[in-house]
1. If I build a Gaussian network model for the chain, linking alpha-carbon pairs within less than 10 angstrom, which residue out of PRO107, PRO64, PRO13 has the largest mean-square fluctuation?
2. Amide H to amide H under 5 Å from ILE10: which residues, 5+ apart in sequence or cross-chain, H placed 1.01 Å off N in plane?
3. Nearest 10 degrees, 0 to 90: what angle lies between the long axis of helix 87-96 and the longest principal axis of the chain (Cα atoms)?
4. Which of ALA89, ALA18, ALA57 moves the most in a Gaussian network model of the chain with Cα springs under 10 Å?
5. Please check: in the Gaussian network model of the chain (C-alpha springs, under 10 Å), which one of ASN72, ASN50, ASN114 has the largest mean-square fluctuation.
6. Which distance in nm do the two modelled labels at ARG71 and PHE124 give, with both placed 7 Å along the Cα-to-Cβ direction?
7. Where both partners of a DSSP beta bridge lie in the chain, what percent of those bridges are antiparallel, to the nearest 5?
8. What is the set of long-range amide H partners of LEU128 at a cut-off below 5 Å, with H atoms built 1.01 Å from backbone N?
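The values are calculated or read from the model by the stated rules, or taken from the named source; none is laboratory data. All values derive from a computational prediction rather than experimental measurement. For neighbour counting, all protein chains shown are included, and Cβ atoms are generated from backbone atoms with ideal geometry for every residue, glycine included. Calculation scope for accessible area: heavy atoms of the full protein, side chains included, ligands and nucleic acids excluded. Shrake-Rupley method; radii C 1.70, N 1.55, O 1.52, S 1.80 Å.
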Amino acid sequence: MIGRLNHVAIAVPDLGAAALRYHDMLGAQVGAPQDLPDHGVRVVFVDLPNTRIELLAPLGEESPVAGFLGRNPRGGIHHLCYEVADLAAARDRLVATGARVLGDGEPKIGAHGNPVLFLHPGDFDGALIELEEVG
Ligand code: CO
């Protein structure tokens, strides 16, 4: 059911500094910051030949990333994003097999303009999983 690894997200305390490190030290192609108010995050995407890195910083008071950075003040790997062809079908299969979908279970539009859902890390070995519908 899951397809390509779309991105690995890293929560960072300082988005500008992290983006500069990827650009200057690692020599990566780094995009412009994007605000995603629906998700409570500001993101920068780093393009790699086979996937992307999503640098993630809190946006607003109720950002889900703020709690993560509270527990991991220097930052850390936050989630993995796998591509699926049909997000509704993927959700139904996951719910039927006992996985917990975060939030109200309805897809939101993610950073690439595609619908996304998040799965409870307790059901996947401690790793928060994002599913993105890529048609
Ligand atoms: Co993501």
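1. PRO64
2. Answer set, sorted by chain and number: GLU54, LEU55, LEU56, HIS78.
3. The angle comes out at about 60 degrees.
4. Judging by the Gaussian network model, the answer is ALA89.
5. ASN50
6. That separation, rounded to one decimal, is 1.6 nm.
7. Values: 25 of 36 bridges.
Percentage antiparallel, nearest 5: 70.
8. LEU80
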